[in-house]
Amino acid sequence: MNVLLYAPPLLLLMLKAMNIYGVISALACAALVQILAGLPFLVSHPIAYISRAFNLGRVFIHFWSVNFKFIPEPVFVSKQFAISLLIAHLGLLATFAHYKWCRHEGGLFKFLHSKVTSALSSSSSSGLKILKEEHIMTTLFAGNFIGIVCARSLHYQFYSWYFYSLPYLLWKTHFPTSLRLILFVGVEFCWNVYPSNNYSSALLLCLHLLILWGLWSAQSEYPYVEEKLSTRKKEK
């Protein structure tokens, strides 16, 4: 399930680094691998395999929730709450993509328009670009973190989804080092409260939102390596 949180930022990075035809080819290869890996189950029990392997509608137990324990259980298990979190998730992804990750391309919509226009044109250019490692990590980790913030229920084992990226994300913010350490220790503390309670889950959500705000207010790095090098060559 955690891999799905990386899918939107990964798709955006692929569109930045390749042309549309290259992205489609890569996605087709990835889909083929998934089909081949699940072929024995697809042949024997196709309906059970697909419904269980990609069960996105299941409701977790309120008692084990680490991040939304303070929400009343009737609200927690309601479809309206799930839809609200999904809308928030998609909205945050679109906002970060438009104003942060595609800032140097003129925004998400201008970037997508340029990719479609390039694909429909008769240009023979490959459209391949080299992305900076820092931009790749920031986009992937931030996209995953947005999914963590908007997840309806985080159980204790789900901490492994993002704990390794927390130091990097914290040091991408403009916060002073002391606040970064406090936020890191605070998140660790909330995950070590067992069982979680209203106060620990509310505190965890507040810490997540503060980190998210730090990422939002941080300066966007230049995403490309190739264009920067070519510009320097022209200047020489």
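Across the stretch 2-229, Cα pairs under 8 Å and at least six residues apart give a relative contact order of 33 percent. Helix 177-191 and the longest principal axis of the Cα set of the chain meet at an angle near 50°. Between (i) -0.30, -1.05; (ii) -0.26, -1.03; (iii) -0.57, -1.10, which entry matches log10 I(q)/I(0) by the Debye sum over Cα atoms at q = 0.07, 0.14 Å⁻¹ as derived from the coordinates of this structure? Recomputing log10 I(q)/I(0) by the Debye sum over Cα atoms at q = 0.07, 0.14 Å⁻¹ here gives the entry labelled (i). The modelled label-to-label distance between LEU85 and TYR21, using points 7 Å beyond Cα along the C-beta direction, is 4.2 nm. With 0.36 nm allotted per residue and the present C-alpha distance subtracted, the TYR156-PHE189 stretch has 10.7 nm of extension available.
Here's how it looks for TYR224: its modeled amide H is under 5 Å from those of LYS132, which are all 5 or more places away or on a different chain. From helices alone, the chain scores -20500 deg cm²/dmol at 222 nm; the rule is -39500 (n - 2.57) for each run of n ≥ 4 DSSP H residues, then divide by the residue total.
Each reported figure results from applying straightforward, stated rules to the coordinates on display, with no laboratory input. Computed from a prediction, not measured in an experiment: that's the story for all the values here. Virtual Cβ from ideal backbone geometry, glycine too; neighbours counted across all protein chains shown.
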